[in-house]
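Down below is the structure, laid out as C-alpha coordinates.
The values are calculated or read from the model by the stated rules, or taken from the named source; none is laboratory data. Source: prediction; values computed, not measured. Glycine gets a Cβ as well: all are built from the backbone with ideal geometry, and neighbour counts include every protein chain shown. Ligands, DNA and RNA are stripped out before the accessible areas are found, and what is left, the full protein with its side chains, is counted by its heavy atoms. Shrake-Rupley method; radii C 1.70, N 1.55, O 1.52, S 1.80 Å.
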Amino acid sequence: MDEVILEDIKQKALEEHIPIIMDETLEVIGNILKDNKPKRILEIGTAVGYSAICFSKYLSKDGVIDTIERDENRIKQANDNISKLGLENQIYIHSGDAVEILPTLNEKYDVIFIDAAKGKYPFFLKESERLLKPHGIIFADNILYKGYVMSDYNKHKQRTAVRNLREYIKEVTEDPNFDTEILEVGDGLAISKRR
Ligand code: SAH
Ligand code: MG
(Lines give C-alpha, C1' and ligand atoms only; values in the text may rest on other atoms or scores of the structure.)
(Ligands and ions follow the chains in the order given, each with its own letter.)
Protein backbone atom coordinates (compact mmCIF):
# COMPACT_ATOMS: atom_id res chain seq x y z
CA MET A 1 0.00 0.00 0.00
CA ASP A 2 1.36 3.42 -0.94
CA GLU A 3 1.15 5.27 2.41
CA VAL A 4 1.72 8.68 0.78
CA ILE A 5 -1.33 8.30 -1.45
CA LEU A 6 -3.35 6.97 1.49
CA GLU A 7 -2.36 9.97 3.63
CA ASP A 8 -3.38 12.34 0.79
CA ILE A 9 -6.79 10.67 0.55
CA LYS A 10 -7.21 11.04 4.31
CA GLN A 11 -6.16 14.72 4.41
CA LYS A 12 -8.37 15.64 1.47
CA ALA A 13 -11.36 13.92 3.10
CA LEU A 14 -10.72 15.75 6.39
CA GLU A 15 -10.45 19.09 4.58
CA GLU A 16 -13.78 18.40 2.89
CA HIS A 17 -15.36 17.48 6.26
CA ILE A 18 -16.15 13.97 5.12
CA PRO A 19 -16.75 11.89 8.28
CA ILE A 20 -14.08 9.25 7.73
CA ILE A 21 -13.24 6.70 10.40
CA MET A 22 -11.26 8.12 13.32
CA ASP A 23 -7.68 6.94 13.91
CA GLU A 24 -8.40 5.28 17.24
CA THR A 25 -11.46 3.48 15.86
CA LEU A 26 -9.42 2.23 12.93
CA GLU A 27 -6.76 0.98 15.31
CA VAL A 28 -9.27 -1.06 17.32
CA ILE A 29 -10.84 -2.59 14.20
CA GLY A 30 -7.45 -3.14 12.58
CA ASN A 31 -6.23 -5.11 15.57
CA ILE A 32 -9.23 -7.42 15.36
CA LEU A 33 -9.04 -7.82 11.56
CA LYS A 34 -5.31 -8.58 11.76
CA ASP A 35 -6.10 -11.74 13.71
CA ASN A 36 -9.18 -12.62 11.66
CA LYS A 37 -7.89 -12.20 8.11
CA PRO A 38 -11.42 -11.88 6.71
CA LYS A 39 -12.21 -13.14 3.25
CA ARG A 40 -15.31 -11.05 2.72
CA ILE A 41 -16.09 -7.67 4.28
CA LEU A 42 -19.30 -5.69 3.78
CA GLU A 43 -19.25 -1.96 4.44
CA ILE A 44 -22.36 0.24 4.59
CA GLY A 45 -21.23 3.82 3.85
CA THR A 46 -18.19 4.11 1.56
CA ALA A 47 -17.80 7.91 1.42
CA VAL A 48 -14.52 8.34 -0.51
CA GLY A 49 -13.30 4.83 0.22
CA TYR A 50 -10.90 5.66 3.04
CA SER A 51 -12.02 3.02 5.56
CA ALA A 52 -12.45 0.33 2.89
CA ILE A 53 -8.92 1.03 1.64
CA CYS A 54 -7.59 0.80 5.20
CA PHE A 55 -9.43 -2.48 5.83
CA SER A 56 -8.16 -4.00 2.58
CA LYS A 57 -4.71 -4.56 4.12
CA TYR A 58 -6.22 -7.12 6.48
CA LEU A 59 -8.03 -9.20 3.85
CA SER A 60 -6.94 -12.77 3.36
CA LYS A 61 -5.57 -13.72 -0.04
CA ASP A 62 -8.31 -13.27 -2.68
CA GLY A 63 -10.42 -11.46 -0.09
CA VAL A 64 -12.89 -8.78 -1.18
CA ILE A 65 -14.79 -5.81 0.23
CA ASP A 66 -18.29 -4.93 -0.94
CA THR A 67 -19.14 -1.37 0.03
CA ILE A 68 -22.36 0.62 -0.44
CA GLU A 69 -22.68 4.35 -1.12
CA ARG A 70 -25.52 6.49 -2.46
CA ASP A 71 -23.81 9.85 -3.05
CA GLU A 72 -22.68 9.95 -6.68
CA ASN A 73 -19.91 12.47 -6.16
CA ARG A 74 -18.42 10.39 -3.34
CA ILE A 75 -18.73 7.20 -5.40
CA LYS A 76 -16.68 8.87 -8.12
CA GLN A 77 -14.02 10.01 -5.65
CA ALA A 78 -13.96 6.57 -4.03
CA ASN A 79 -13.48 4.86 -7.39
CA ASP A 80 -10.63 7.25 -8.21
CA ASN A 81 -8.99 6.57 -4.86
CA ILE A 82 -9.39 2.81 -5.25
CA SER A 83 -7.75 2.86 -8.69
CA LYS A 84 -4.90 5.12 -7.53
CA LEU A 85 -3.98 2.34 -5.12
CA GLY A 86 -4.66 -0.47 -7.57
CA LEU A 87 -7.37 -2.00 -5.41
CA GLU A 88 -10.02 -2.45 -8.12
CA ASN A 89 -9.99 -6.21 -7.63
CA GLN A 90 -10.42 -6.00 -3.88
CA ILE A 91 -12.97 -3.23 -3.32
CA TYR A 92 -16.29 -3.18 -5.16
CA ILE A 93 -18.70 -0.26 -4.74
CA HIS A 94 -22.44 -0.87 -4.94
CA SER A 95 -24.05 2.43 -5.96
CA GLY A 96 -27.37 3.27 -4.38
CA ASP A 97 -29.30 3.34 -1.16
CA ALA A 98 -28.24 0.60 1.25
CA VAL A 99 -31.88 0.17 2.26
CA GLU A 100 -32.55 -1.07 -1.27
CA ILE A 101 -29.25 -2.80 -1.97
CA LEU A 102 -28.87 -4.86 1.22
CA PRO A 103 -31.97 -7.01 0.60
CA THR A 104 -30.56 -7.94 -2.84
CA LEU A 105 -27.32 -9.34 -1.38
CA ASN A 106 -27.12 -13.03 -0.60
CA GLU A 107 -23.51 -14.05 -0.11
CA LYS A 108 -22.27 -14.15 3.47
CA TYR A 109 -19.61 -11.97 5.08
CA ASP A 110 -17.01 -12.47 7.81
CA VAL A 111 -17.09 -8.84 8.85
CA ILE A 112 -19.71 -6.10 8.42
CA PHE A 113 -18.94 -2.43 9.07
CA ILE A 114 -22.01 -0.22 9.55
CA ASP A 115 -21.17 3.44 8.98
CA ALA A 116 -24.07 5.20 7.23
CA ALA A 117 -27.43 6.85 8.05
CA LYS A 118 -27.87 6.57 11.83
CA GLY A 119 -31.65 6.48 11.57
CA LYS A 120 -31.34 3.21 9.63
CA TYR A 121 -29.09 1.32 12.06
CA PRO A 122 -31.83 -1.06 13.29
CA PHE A 123 -32.58 -2.01 9.68
CA PHE A 124 -28.88 -2.36 8.89
CA LEU A 125 -28.56 -4.66 11.92
CA LYS A 126 -31.37 -6.94 10.70
CA GLU A 127 -29.83 -7.22 7.26
CA SER A 128 -26.35 -7.68 8.73
CA GLU A 129 -27.55 -10.57 10.87
CA ARG A 130 -28.91 -12.20 7.74
CA LEU A 131 -25.68 -11.62 5.83
CA LEU A 132 -23.16 -12.55 8.56
CA LYS A 133 -21.31 -15.87 8.65
CA PRO A 134 -21.27 -17.92 11.86
CA HIS A 135 -18.58 -16.37 14.12
CA GLY A 136 -18.68 -13.21 12.04
CA ILE A 137 -18.30 -9.72 13.53
CA ILE A 138 -20.46 -6.63 13.10
CA PHE A 139 -18.88 -3.25 13.83
CA ALA A 140 -21.17 -0.20 14.11
CA ASP A 141 -19.43 3.18 14.03
CA ASN A 142 -20.75 6.40 15.60
CA ILE A 143 -22.89 4.34 17.96
CA LEU A 144 -22.61 6.89 20.81
CA TYR A 145 -23.10 9.90 18.51
CA LYS A 146 -21.24 12.70 20.28
CA GLY A 147 -22.43 11.36 23.62
CA TYR A 148 -26.13 12.01 22.86
CA VAL A 149 -26.98 8.31 22.94
CA MET A 150 -25.98 7.79 26.58
CA SER A 151 -27.28 11.13 27.88
CA ASP A 152 -30.93 11.95 28.65
CA TYR A 153 -30.70 14.65 26.05
CA ASN A 154 -33.90 14.45 24.08
CA LYS A 155 -34.73 17.64 22.33
CA HIS A 156 -31.92 17.65 19.87
CA LYS A 157 -32.84 17.90 16.22
CA GLN A 158 -31.09 14.56 15.75
CA ARG A 159 -33.47 12.75 18.05
CA THR A 160 -34.60 10.24 15.41
CA ALA A 161 -30.98 9.22 14.91
CA VAL A 162 -30.46 8.99 18.68
CA ARG A 163 -33.61 6.89 19.13
CA ASN A 164 -32.51 4.49 16.39
CA LEU A 165 -28.97 4.18 17.72
CA ARG A 166 -30.41 3.33 21.15
CA GLU A 167 -32.67 0.76 19.53
CA TYR A 168 -29.65 -0.78 17.76
CA ILE A 169 -27.78 -1.07 21.07
CA LYS A 170 -30.80 -2.58 22.81
CA GLU A 171 -31.45 -5.15 20.09
CA VAL A 172 -27.89 -6.26 19.63
CA THR A 173 -27.05 -6.46 23.35
CA GLU A 174 -30.22 -8.45 24.08
CA ASP A 175 -29.59 -10.85 21.21
CA PRO A 176 -28.34 -14.14 22.73
CA ASN A 177 -26.53 -14.97 19.49
CA PHE A 178 -24.09 -12.08 19.91
CA ASP A 179 -21.46 -10.96 22.40
CA THR A 180 -21.44 -7.19 22.22
CA GLU A 181 -19.07 -4.55 23.54
CA ILE A 182 -19.72 -0.82 23.26
CA LEU A 183 -16.45 1.13 23.22
CA GLU A 184 -16.04 4.86 23.76
CA VAL A 185 -13.33 5.13 21.13
CA GLY A 186 -13.87 7.85 18.53
CA ASP A 187 -17.60 8.52 18.19
CA GLY A 188 -18.44 5.19 19.81
CA LEU A 189 -17.99 1.71 18.35
CA ALA A 190 -20.20 -1.35 18.88
CA ILE A 191 -18.46 -4.67 18.33
CA SER A 192 -20.77 -7.68 18.11
CA LYS A 193 -19.33 -11.15 17.70
CA ARG A 194 -21.69 -13.92 16.66
CA ARG A 195 -21.39 -16.86 19.05
N1 SAH B 1 -16.87 4.57 5.99
C2 SAH B 1 -16.35 5.85 5.52
C3 SAH B 1 -17.19 7.01 5.98
C4 SAH B 1 -18.64 6.89 5.65
S5 SAH B 1 -19.51 8.38 5.96
C6 SAH B 1 -14.94 6.02 6.06
O7 SAH B 1 -14.75 5.81 7.26
O8 SAH B 1 -14.04 6.35 5.29
C9 SAH B 1 -21.15 7.82 5.69
C10 SAH B 1 -21.50 7.65 4.22
O11 SAH B 1 -22.69 6.90 4.16
C12 SAH B 1 -21.77 8.97 3.49
O13 SAH B 1 -20.91 9.10 2.40
C14 SAH B 1 -23.24 8.87 3.06
O15 SAH B 1 -23.46 9.38 1.76
C16 SAH B 1 -23.45 7.35 3.06
N17 SAH B 1 -24.84 6.94 3.33
C18 SAH B 1 -25.64 7.38 4.32
N19 SAH B 1 -26.80 6.72 4.27
C20 SAH B 1 -26.75 5.85 3.25
C21 SAH B 1 -27.66 4.90 2.70
N22 SAH B 1 -28.88 4.73 3.21
N23 SAH B 1 -27.25 4.18 1.63
C24 SAH B 1 -26.02 4.36 1.10
N25 SAH B 1 -25.12 5.24 1.57
C26 SAH B 1 -25.48 5.97 2.64
MG1 MG C 1 -18.27 6.82 11.04
Seminar exercise, completed: The number of residues in segment 22-41 that are open to solvent by less than 10 Å² (accessible area, probe 1.4 Å), within 12 Å of ligand 1 (Cβ to nearest atom) and among the hydrophobic types (A, V, I, L, M, F, W, C) is 2
Exercise. Just for segment 3-36: of the residues that are more than 15 Å from ligand 2 (Cβ to nearest atom) and polar (S, T, N, Q), which one is nearest to L189 (Cα to Cα)?
Worked result: N31
For this session: Quickly run through segment 142-182 and pick out the residues that are surrounded by 13 or more Cβ atoms within 10 Å (Cβ to Cβ) and in a loop (DSSP other than H, G, I, E, B).
Result: N142, I143, L144, Y148, V149, M150, Y153, H156, Q158, D175
For this session: Report, ordered by the first and then the second residue, all pairs with beta carbons closer than 8 Å, sequence separation of six or more or different chains, a first member in segment 1-28 that is closer than 29 Å to I182 by Cα, and a second member that is among the polar types (S, T, N, Q) and surrounded by 14 or more Cβ atoms within 10 Å (Cβ to Cβ).
Result: I9/N81; P19/N142; I20/S51; I21/S51; L26/S51
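Among the residues in segment 171-182, are any among the aromatic types (F, W, Y), at pLDDT below 95 and more than 16 Å from ligand 1 (Cβ to nearest atom)?
The first filter runs over segment 171-182 and keeps only residues among the aromatic types (F, W, Y), leaving 178.
Those still in the list that are at pLDDT below 95 too: none.
No, segment 171-182 contains no residue that is among the aromatic types (F, W, Y), at pLDDT below 95 and more than 16 Å from ligand 1 (Cβ to nearest atom).
Which ones in segment 102-141 are of a type in the set (D, E, K, R) and assigned to a helix (DSSP H, G or I)?
Quick first cut of segment 102-141, residues of a type in the set (D, E, K, R) only: 107-108, 110, 115, 118, 120, 126-127, 129-130, 133, 141.
Answer for segment 102-141, where residues must be of a type in the set (D, E, K, R) and assigned to a helix (DSSP H, G or I): K118, K120, K126, E127, E129, R130.
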